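A.B. asks: This is the structure, below, for whatever I ask next.
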Amino acid sequence: MEHFYQKLPKIELHAHLNGSLSNRALVELRELKYGTDRTGESDDGFYKILNGQLLSLEECFQKFRYAHDLTDRRESLELATRRVIEEFARDNVVYLELRTTPKSTGNMSKREYLITVLDVLRNQNQPGILVKLLPSIDRSKGVLEGEENVTLAIELAALYPGLIVGLDLSGNPFGTKFADFVPSLRRARDHGFRLALHCGEIDDDQEVKEMFELGVDRIGHGTFITGGNLDLAARYRIPFECCLTSNVKCKTVPSYEDHHFGKLLELQQPVCICTDDFGVFETSLSRELEICAKTFSLSHKQVLDLQQKAIDYTFASNDEKEQLRAVLQEFETQMIKAF
């Protein structure tokens with residue numbers, strides 16, 4: 001990897017907590033839950049997948065299942081959250097919006113789940129990175145769960161001021177209707193939360209229109225947004241969160257070269273590059289930016305410009321945005337001096 005991409009201060013706006021656990025973190029969490037004795041290992045597939053190269057899509061998603069199993073206690077969830085922040089900081093991400101769906105397990109309630117994550121965010125002392133939370137609604141879990149998540153987010157935002165800045169809608173869209181979630185999302189918006197919705201992940205023009213009618217602040221993926229809906233996104237300057245490797249590995253786009261980022265760039269549509277699930281797909285934001293630059297022939301200055309513009313798409317406060325701009329400006333000054 002080129003030195004530039006690692007050193008570049010980066011903005012990450014689409015990252016799921018459980019999908020952002022590195023192999024090293026997963027091993028640490030497994031040992032925390034099951035111990036280090038592998039005698040009679042009942043699931044050697046765990047280590048085979050972690051040591052594998054060029055994982056299949058099914059193996060990628062098996063890592064999700066491992067992550068969920070290994071974060072079912074407050075102690076392990078706390079460790080997982082810390083490790084994710086450390087990994088992003090190590091990649092020189094200076095601003096991170098982390099997403100996670102509150103889960104009820106045999107060991108903690110949904111409220112305890114969110115409090116655990118928020119406590120880590122509030123107390124984290126990793127230098128050089130600002131972290132915010134977007135609680136998620138998993139649409140596959142149903143409307144009532146979504147309503148509970150919004151209620152929890154509203155309640156905890158008052159206890160953890162400045163940390164919960166928006167809401168995410170994600171999960172398997174098949175067999176669900178977006179319209180059913182509109183009342184919950186409208187309540188979140190009325191409370192002041194911004195909305196970052198997985199939008200246009202499947203070919204459903206009507207659903208995209210409904211999301212636009214509600215008012216979406218950022219578009220997650222947007223793979224199948226075309227025609228009139230793309231015109232609307234352009235008119236309202238709605239930023240797209242593009243996750244290149246995730247989309248290629250999940251086969252929602254056939255190749256990096258065919259990724260819709262190229263079209264969005266051509267249209268001068270607001271867009272940012274994100275990882276989605278860097279642990280699952282074994283990537284990093286530095287790597288995604290390098291892939292993007294090489295695929296679409298972007299200069300270092302254009303990549304830097306992507307990061308500077310991404311600050312405007314964050315849900316950070318105005319003061320926080322100014323601080324981030326200062327960091328990027330300092331990097332640009334140093335870059336110019338170097339040449």
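A.B. asks: Cα to Cα, under 12 Å, and not fewer than 8 places away if on the same chain: which aspartates and glutamates meet these conditions relative to residue 321?
C.D. replies: 312
A.B. asks: Further, regarding this structure: Please compute P(r) over all alpha-carbon pairs of the stretch 1-338, binned at 20 Å starting from zero, and give each bin as a whole-number percent.
C.D. replies: Values per bin, smallest distances first: 31, 61, 8, 0.
A.B. asks: Give the peptides 221-227, 210-216, 196-202 in descending order of average Cβ contacts within 10 Å, highest first. List each step's numbers first, then the result.
C.D. replies: Numbers: 221-227: 20.6, 210-216: 18.1, 196-202: 24.0.
In decreasing order of mean packing, 221-227, 210-216, 196-202 become 196-202, 221-227, 210-216.
A.B. asks: Which pairs break 18 Å Cα to Cα here: 309/337; 177/209; 103/209; 263/294? Mind showing how you got there, number by number?
C.D. replies: Values: 309/337 22 Å; 177/209 13 Å; 103/209 30 Å; 263/294 16 Å.
Too far apart for the 18 Å limit: 309/337; 103/209.
A.B. asks: For the stretch 1-338, what is the relative contact order in percent, using Cα pairs closer than 8 Å and at least 6 residues apart in sequence? Each step should come with its number before you reach the end.
C.D. replies: Values: 507 pairs, mean separation 68.1, N = 338.
Computed over the stretch 1-338, the figure is 20 percent.
A.B. asks: Find the Rg to Rh ratio for the stretch 64-112, where Rh is the Kirkwood radius over alpha-carbon pairs and Rg uses the same atoms.
C.D. replies: 1.01
A.B. asks: Could you calculate, for the stretch 194-327, the ratio of the Cα radius of gyration to the Kirkwood radius, expressed as Rg to Rh? Each step should come with its number before you reach the end.
C.D. replies: On the way: Rg = 14.5 Å, Rh = 15.3 Å.
Using only Cα positions, Rg/Rh for the stretch 194-327 is 0.95.
A.B. asks: Next question, about the same structure. Mean Kyte-Doolittle of at least -0.5 plus a Cα span of 18 Å or more along the axis: flag which DSSP H helices in the chain meet both, please. Can you show the working numbers first?
C.D. replies: Numbers: long enough: 57-70 (20 Å, -0.67); 74-90 (24 Å, -0.64); 110-123 (20 Å, -0.08); 143-159 (25 Å, 0.88); 300-313 (20 Å, -0.84); 318-338 (30 Å, -0.95).
Those that clear 18 Å and a mean of -0.5 are 110-123, 143-159.
A.B. asks: Please report, as a whole percent, how much of the solvent-accessible surface of the chain comes from carbon and sulfur atoms (probe radius 1.4 Å). Provide the component values of the computation, followed by the final result.
C.D. replies: Details: 7330 of 15010 Å².
Here carbon and sulfur together make up 49 percent of the probe-accessible area.
A.B. asks: Past 26 Å, Cα to Cα, is the threshold; run 132/251; 33/63; 33/249 against it and keep the listed order. Spell out each step's value before the answer.
C.D. replies: Values: 132/251 29 Å; 33/63 16 Å; 33/249 30 Å.
The answer is 132/251; 33/249.
The values are calculated or read from the model by the stated rules, or taken from the named source; none is laboratory data. None of the values given here were measured: they were computed from a predicted structure. Here the Cβ is made from the backbone with ideal geometry for all residues, glycine too, and neighbour counts use every protein chain on show. Just the protein is used for accessible areas: all its heavy atoms, side chains included, with ligands, DNA and RNA removed. Shrake-Rupley method; radii C 1.70, N 1.55, O 1.52, S 1.80 Å.
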